[in-house]
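Presented below is the structure to which this report refers.
The values are calculated or read from the model by the stated rules, or taken from the named source; none is laboratory data. Only a predicted model underlies this, so the values are computations on that prediction, with no experimental measurement involved. Reconstructed Cβ throughout: ideal geometry from the backbone, glycine too, with neighbour counts over all protein chains shown. Ligands, DNA and RNA are stripped out before the accessible areas are found, and what is left, the full protein with its side chains, is counted by its heavy atoms. Shrake-Rupley method; radii C 1.70, N 1.55, O 1.52, S 1.80 Å.
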Amino acid sequence: MTNLAQPAVTKNQDLEVTIQDLTYEGMGVAKVAGFPLFIEDALPGEKMQVHVLKVQKQYGFAKVVKRLTDSPDRVAGADGAYIRTGIAPLSILAYPAQLKFKQRQIEELYKKARLAIDVLPTIGMKHPLGYRNKAQVPVRMVNGELQTGFYKKHSHDLVPIEDFLIQDPKIDHAIVVVRDLLRKYKVPAYDERTNRGVIRNIMVRRGHATRQMMIVLVSRTWQVPHLKDIVEEITLALPEVTSVVVNLNDKRTNVILGRKSKTIYGQDYLLDKLLGSEFQISPVSFYQVNPVQTEVLYTQAIEAAGLTGKETVIDAYSGIGTISLTMARHAKHVYGVEVVESAVRDAQANAARNHIKNVTFEVGKAEDVIQKWKDADLPVDVLMVDPPRKGLDKSFIDAVGYMKPPKIVYVSCNPATLARDLQLLAGFGYTAKQTQPVDMFPQTQHIESITALTLD
Ligand code: SAH
């Protein structure tokens, strides 16, 4: 990187710029004598007057004062709240351009990492709105009134929101119903400053296929005033609700869910269906948030694995066993590993629920358990990985290098760690021809993809 002695702009300066690029977070980038300025609500090609908010050594931030020209890809009338809160930072960009943006992001990371892998066009959704099957919204007092909404980016200032754009509208409605009941029964909202108050968050999950709904009240105390009345009114107002859970989180933390939950009404889990199998999902277990695209993603992953019924498969980071059980129908045996205990219990119950016997699930860190499987000489044909954003642990990749499965299928939700891991795997002789992005998170900057690797 060039070491600029002096930034070319100063704080509070007003300038006219042309946007040249979009960052991976979906902010516009303008360059002033080579010095990058990041600007919200700005698209490549657009000319605008901006006001410089902040200047750092290598880059600065500015805000739009007046847009002088519009990009042909700009969506007219987009709501600024979705950008300010980071709910949908790409909602100003036309959907076909979002899909290209995601493809190009991966291409650029591969170029930097010197990886010669083709990136295919992103598989998008037909209706890229209202897709999320899960919501987690903070509950706070704003100007003396209990509100639900979303934080302004990089802050804990709550912006009250009723229509979340990308969430299942039935979930948006459920949140308003619960909010109004909390108001009616004067249940205190949590106060972060003092660590007092009661309700911190409302989490809602809805089964896209089953139309079941789970409401989780994340509370600082087990004692929730008028809980019985509130639950009764919830079930009357929302007939889809099949469980109401209180989750205890009494810590000063940004982590949303605590470790203990109590079912107040109905089942301990939500049921949903994917690709013909039925899955139970406990409150703290991971479940893909875009059910329509999950089926596309899993179908691609299974195809990439090239299963014939004879293979031994490891599914690392297996969650509630969705990929493992879907693959088990086309493999000899699938071994899943997952760190969250309740997710593994769900996975085992899901195997029984779907009468699938050729699976084994273990609780533990993938990097530890894979070591054990390697030591036991498990004859692995396909290694499936679907890690969280931080990607694969270095020790996991080392174990793979010694285990040498002939095929790896890498499902990634972060192309930066994907590129890093593909470079490391290349060191052990693994190469890939192509990466297939699947848009799991329309209107947001998040990028999901699948890459099949083989051993040279
Ligand atoms: N394949 C699943 C889950 C993918 S999300 C699905 O498609 O639904 C990633 C999962 O990895 C989460 O369930 C998370 O709890 C788990 N996880 C995170 N770190 C882990 C680790 N070090 N070892 C094993 N699992 C881990």
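Residues in region 159-167 carry Karplus couplings, in order, of 9, x, 9, 10, 10, 8, 6, 9, 8 Hz; the curve used is 6.51 cos²θ - 1.76 cosθ + 1.60 with θ = phi - 60°, and Gly or Pro positions show x. Sparse packing (at most 10 other Cβ atoms within 10 Å of the Cβ) combined with a DSSP loop state is found for none of the GluC sites (Glu not before Pro) in region 153-242. Ordered from highest to lowest accessible area with the whole protein assembly present and a 1.4 Å probe, 324, 261 read as 261, 324. Extension gain for residue 434 to residue 183 (0.36 nm times residue separation, less C-alpha to C-alpha distance): 85.1 nm.
Once backbone amide H atoms are built at 1.01 Å from N, residue 362 has 336, 337, 338 as its partners under 5 Å, excluding neighbours fewer than 5 places away on the same chain. Per residue, region 50-163 exposes an accessible area of 54 Å² to a 1.4 Å probe, with every protein chain left in place. Between residue 154 and residue 333, the simple spin-label model (points 7 angstrom out along Cα→Cβ) gives 5.2 nm. Taking 0.36 nm per residue of separation and subtracting the current Cα-Cα distance, fully stretching the chain between residue 237 and residue 12 would add 75.9 nm. Of the trypsin sites (Lys or Arg not before Pro) found in region 76-160, those in coil by DSSP whose Cβ has at most 10 other Cβ atoms within 10 Å are 114, 126. Rolling a 1.4 Å probe across the protein heavy atoms gives region 406-456 an accessible surface of 32 Å² per residue. Mean separation of Cα pairs under 8 Å and 6 or more residues apart, divided by the residue count, gives region 20-75 a relative contact order of 29 percent.
Kindly flag which residue pairs out of 394/433; 186/260; 126/357; 31/111; 47/134 have an alpha-carbon separation exceeding 27 Å in this structure. 126/357; 47/134, as the Cα separations exceed 27 Å there.
Helical runs assigned H by DSSP (4 residues or longer) give the chain a calculated mean residue ellipticity at 222 nm of -8000 deg cm²/dmol, each run adding -39500 (n - 2.57) before division by the residue total. Quick one: with all protein chains in place, what share of the accessible area of the chain is carbon or sulfur, to the nearest percent (1.4 Å probe)? Reported share for carbon and sulfur atoms: 51 percent. Only bridges whose two residues both fall in the chain count here: according to DSSP, what percent of them are antiparallel, nearest 5? In the chain, approximately 65 percent of DSSP beta bridges are antiparallel ones. List the trypsin sites (Lys or Arg not before Pro) in region 282-334 that DSSP assigns to loop (not H, G, I, E or B) and whose Cβ has at most 13 other Cβ atoms within 10 Å. Which are they? Those that pass, being in a loop and sparsely packed, are 310.
Within the full protein context, the accessible area of residue 425 is estimated at about 0 Å² for a probe radius of 1.4 Å. Cross-link partners of residue 228 among aspartates and glutamates, defined as those whose alpha carbon lies under 19 angstrom from its own and excluding same-chain residues fewer than eight positions apart: 180, 240, 268. If only the Cβ of Lys and Arg carry +1 and only the Cβ of Asp and Glu carry -1, the dipole of the chain around its Cα centre is close to 840 debye. Under a 5 Å amide H cut-off, with hydrogens placed 1.01 Å from N, residue 153 pairs with 85, 86 among residues at least 5 apart or on other chains. Ordered by 1.4 Å accessible area with all protein chains kept, 222, 373 run largest first as 222, 373.
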